[in-house]
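These notes concern the structure reproduced below.
The values are calculated or read from the model by the stated rules, or taken from the named source; none is laboratory data. Everything numeric here is computed off the predicted structure, so don't read it as measured data. Every residue, glycine among them, receives a Cβ derived from its backbone with ideal geometry; neighbour counts consider all protein chains shown. We work out accessible area using only protein heavy atoms, side chains counted, and drop any ligands, DNA or RNA first. Shrake-Rupley method; radii C 1.70, N 1.55, O 1.52, S 1.80 Å.
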Amino acid sequence: MLTSVGKRLVENYENIRQTLQASKLTSIPLCKYSTFINSLTMLSSTSLKPITNPKIPFFSSFSIQNPSLLSFHLPFSPSKTLLKPISATLIPSTPQPQQQQLYQPFRPPPSPLPPKFRSLDAQGRLDVLANRHGLWFEYAPLIPSLYQEGFSPPSIEEITGITGVEQNRLIAASQVRESLIQSKTDEDVMSFFDTGGAELLYEIRLLSASQRAEAVRYIVENGLDAKGAQDLARAMKDFPRRKMDKGWKSFEYGLPGDCLSFMYYRLSREHRNPSEQRTAALMQALQVAESESAKKEVSQELEGGEDEKQEKDDDLEYRVRVPVVRMQYGEVAEATSVVVLPVCMAEEDTKEISEAPLECRSGGDFGVVEAEKGWKRWVVLPSWEPLAGLRHGGVVVAFSDARVIPWKSNRWYKEEAILVVTDRNRKEVEVDAAFYLAMVDGGGLKVDTGSALKEMGVKESLGTVVLVVRPPKEESDDQLSDEDWE
């Protein structure tokens, strides 16, 4: 006998079966319906748990071991539809939109090897390098492929005869050539490097893609060798950094010849005027210049250089040299001998400089420093040679802006504090090339040459400058040379 719950379940199931058959959507064999109805008779009146019966294996596997099959054939859940009416709804057979495949399989980059060499094993590639089969840019990529397989530059050199330096040159040159092809460099220019020229392309490896295209054009048109290509690459790389140099605006950055001309133009200024080295450098600059403005600048320097009056005391043999020292961190602590000097601020009255202590002595077993009178600011410096004899009358003037110093490289030291060590025992303005600390027309303290002070009618200064000290920096730079002073 069926329970009330079983009867209701059978009725609902029959309704669903008839609806599906009318719609021709069912795919369940009819023989299974009778089996299912018979199995419901095994339900207990107090429980809906199925009773395992070996004679009905279909019911056991259908309802317990594989419940997904029941839910597939029945469009309702028995536990939920006992108290709710069931309605069959036709589901439209619209295709589901395919989801976009986010995962992309790995695709290795194309092989840099030419097609005719890709099938070769390691021994075959070594034979190609040893016999130089093909063009240089074709067998050059074989070298890094051998590196990947464990070969070292010395082992390749031993087998093929190509030195480590030449291996590096071939690899870099082939990469430069490939970048030039990708940047669509003129084919006539590129054909120059088909049978050689790896040493030329190697020299321009540090330039950008646009610079490389202009550089190879200039190299081919002017027939430069490896040394010329190296100078050209250095000139093009260095040109943007020289914006503050004299004559820089007359040369065009986009023209390789102007960059090379400016390098020779700068080189000429490192030689004395007049001199053969200076004239030779200017002639080179004029020869390679491309723009009219660059040629004009070099010509003016070349034609007017020998006739124009030399700068006062330009000859280093007659110049009074004033050392400029960059302090180093921990330098005072490591010094075996030090000097203690009073410090005056440049903004203060000149009276402060004259009132500063003239002498500081150290004595006793502990080297205790004793000044003739008290002072509020002191500085300890290593006993450098210019300071070793400055035991009496020395004073340090602190400037907050290094532009008060008359050196040519003024742009490098803007807003940099400096210390000017002055000897107050030598106040008279005697030597035109010497540098003195003075106050002119109440304009504040300044450092100037003796010739400039004489022109202004100044006969006595506050002292002679013996040393200029620059503050320490994390990155040390080059010291000022004698040519940097006006």
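As a fraction of the 1.4 Å probe accessible area of the stretch 129-272, surface on carbon and sulfur atoms comes out at 49 percent.
Less than 5 angstrom separates the built amide H of GLU359 from those of GLU372, GLY393, all sequence-distant by 5 or more or on a different chain. Mind scanning LYS246/LYS427; LYS296/LYS473; LYS237/LYS473; LYS184/LYS237; LYS249/LYS454 and naming the pairs with a C-alpha gap bigger than 29 Å? Check vs 29 Å cut-off fails for LYS246/LYS427; LYS296/LYS473; LYS249/LYS454.
Other residues with beta-carbon under 15 Å from the beta-carbon of GLN230 carry, at +1 per Lys or Arg and -1 per Asp or Glu, a net charge of +1. Across the stretch 347-363, coupling constants 3J(HN,Hα) worked out from phi with the 6.51/-1.76/1.60 Karplus curve, θ = phi - 60°, read 6, 7, 6, 4, 4, 4, 5, 6, 8, 5, x, 8, 8, 10, 10, 10, x Hz, and Gly and Pro carry x. Along its first, second and third principal axes, ordered by size, the stretch 361-410 spans 46, 26, 17 Å in Cα coordinates. Taking the inverse of the mean reciprocal distance over all distinct Cα pairs, the Kirkwood hydrodynamic radius of the stretch 227-275 comes to 11.1 Å. First measure r as the distance between the Cβ atoms of THR336 and LYS243, then evaluate 1/(1 + (r/R0)^6) with R0 = 45 Å and state the FRET efficiency to the nearest 0.05. The computed FRET efficiency comes out at 0.55.
Taking amide H atoms as placed 1.01 Å from N in the peptide plane, the amide H of ASP401 lies under 5 Å from those of ILE418, each 5 or more residues away in sequence or on another chain. The orientation-averaged projected area of the convex hull spanned by the Cα atoms of the stretch 142-228 comes to 6.1 nm². Amide H to amide H distances under 5 Å link TRP378 with VAL343, where only residues 5 or more positions off or on other chains count and H is placed in the peptide plane.
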